[in-house]
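One structure is given below, represented as structure tokens, and several questions about it will come after.
The values are calculated or read from the model by the stated rules, or taken from the named source; none is laboratory data. Just so we're clear, the structure is a prediction, and the values are computed from it rather than from any experiment. Glycine gets a Cβ as well: all are built from the backbone with ideal geometry, and neighbour counts include every protein chain shown. SASA here: full protein model, heavy atoms, side chains in, ligands and nucleic acids out. Shrake-Rupley method; radii C 1.70, N 1.55, O 1.52, S 1.80 Å.
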Amino acid sequence: MKTLNIARRIIRQIFNDKRSLALFLIAPGAIFTVVLFLVGDSGYQPSVAAANVQPVIVEKIEAQGVTVKTVTLDEGKQLVEDEQTDALIYSENGGLTLLFRSYDATKTGLVQKSVADALRSLSPGASMQTEYLYGETGSSTFDSIGYAMLGVIAFFVTFIIAG
């Protein structure tokens with residue numbers, strides 16, 4: 001009986017303390033919302049610039065749901081550098097190369113899968129090379145969102161300490 005009375009008193013105290021309620025209810029919701037905006041990107045449709053690529057390859061890539069813009073090689077590199085397109089696919093010396101600005105797991109993964117599926121449907125043995133203007137192939141998802149997460153963690157810790 002004493003335990004039940006103590007539990008009731010603690011629950012009443014929690015409901016009377018508005019700061020604790022905000023800490024329990026609003027703070028986690030706000031943090032999860034920020035993380036959702038940082039990580040959630042479900043409706044993304046990739047765009048690719050194509051230079052010196054056969055029209056049949058462009059058609060197959062477009063059939064994968066990728067927006068393809070035909071450009072010259074220099075224009076395509078500039079579009080990738082200015083982040084106006086996700087990647088540049090170009091043919092040089094008989095091989096296909098995908099050029100990305102930097103490693104972003106979401107964008108590079110979608111583009112690579114779409115282009116690989118398109119090439120596989122044309123020629124099962126076809127291969128492509130991947131290059132990056134900045135960064136390298138072995139980067140992880142944490143490498144691309146780590147800096148943003150540092151800000152979220154700093155915000156969270158500051159909120160907890162201030163509370």
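Return the pair list, or none, for Cβ contacts closer than 7 Å from residues in segment 6-26 that are free of Cβ contacts under 8 Å to residues at least 24 places away in the same chain to residues that are small (Gly, Ala, Ser) and in a helix (DSSP H, G or I), at least 6 apart or on different chains.
Ile14/Ser20
Residues being farther than 18 Å from Glu131 by Cα, buried (at least 18 other Cβ atoms within 10 Å of the Cβ) and β-branched (Val, Ile, Thr): count how many of those fall in segment 52-70.
Within segment 52-70, residues that are farther than 18 Å from Glu131 by Cα, buried (at least 18 other Cβ atoms within 10 Å of the Cβ) and β-branched (Val, Ile, Thr) number 5.
Condition check: open to solvent by less than 80 Å² (accessible area, probe 1.4 Å), under 30 Å from Leu150 (Cβ atoms) and assigned to a helix (DSSP H, G or I). Does Ala7 satisfy that?
Numbers: open to solvent by less than 80 Å² (accessible area, probe 1.4 Å): yes; under 30 Å from Leu150 (Cβ atoms): no; assigned to a helix (DSSP H, G or I): yes.
When the stated conditions are applied, Ala7 does not pass them.
Which of the residues spanning segment 49-65 are on the phi < 0 side of the Ramachandran plot and in contact with a strand residue (DSSP E or B) (Cβ under 9 Å, 6 or more places away or on another chain)?
Once the filter is applied, which keeps residues that are on the phi < 0 side of the Ramachandran plot and in contact with a strand residue (DSSP E or B) (Cβ under 9 Å, 6 or more places away or on another chain), segment 49-65 yields Ala49, Ala50, Ala51, Val53, Gln54, Pro55, Ile57, Val58, Glu59, Ile61, Glu62.
Could I ask something else about it? Please verify whether Ile26 is β-branched (Val, Ile, Thr), modelled with pLDDT under 85 and open to solvent by less than 40 Å² (accessible area, probe 1.4 Å), treating the condition exactly as stated.
Spelling it out, it is not the case that Ile26 is β-branched (Val, Ile, Thr), modelled with pLDDT under 85 and open to solvent by less than 40 Å² (accessible area, probe 1.4 Å).
Across segment 140-153, which residue is modelled with the lowest pLDDT among those that are open to solvent by less than 90 Å² (accessible area, probe 1.4 Å) and out of contact with any helix residue (DSSP H, G or I) (no Cβ under 8 Å at 6 or more places or on another chain)?
Asp143
Exactly one of these conditions fails for Asp82: (1) under 19 Å from Ser123 (Cα atoms); (2) free of Cβ contacts under 8 Å to residues at least 40 places away in the same chain. Give me its number.
All conditions pass for Asp82, except number (1).
If Thr108 passes every condition in (1) at pLDDT 85 or above; (2) crowded, with 21+ Cβ neighbours inside 10 Å but one, which one does it miss?
Thr108 satisfies all of (1) at pLDDT 85 or above; (2) crowded, with 21+ Cβ neighbours inside 10 Å except (1).
Give segment 1-57 a look and list any residue that's among the aromatic types (Phe, Trp, Tyr) and farther than 27 Å from Gly76 by Cβ, or say none.
If the condition is that a residue be among the aromatic types (Phe, Trp, Tyr) and farther than 27 Å from Gly76 by Cβ, then Phe15, Phe24, Phe32, Phe37 are the ones that fit.
In addition: Could you check Ser47 against (1) surrounded by fewer than 13 Cβ atoms within 10 Å (Cβ to Cβ); (2) hydroxyl-bearing (Ser, Thr, Tyr); (3) free of Cβ contacts under 8 Å to residues at least 60 places away in the same chain and say which number it fails?
Exception for Ser47: condition (1).
Of all residues in segment 71-88 being among the β-branched types (Val, Ile, Thr) and out of contact with any Ser or Thr (no Cβ under 7 Å at 6 or more places or on another chain), which is most open to solvent (accessible area, probe 1.4 Å)?
Per the criteria, the residue is Thr72.
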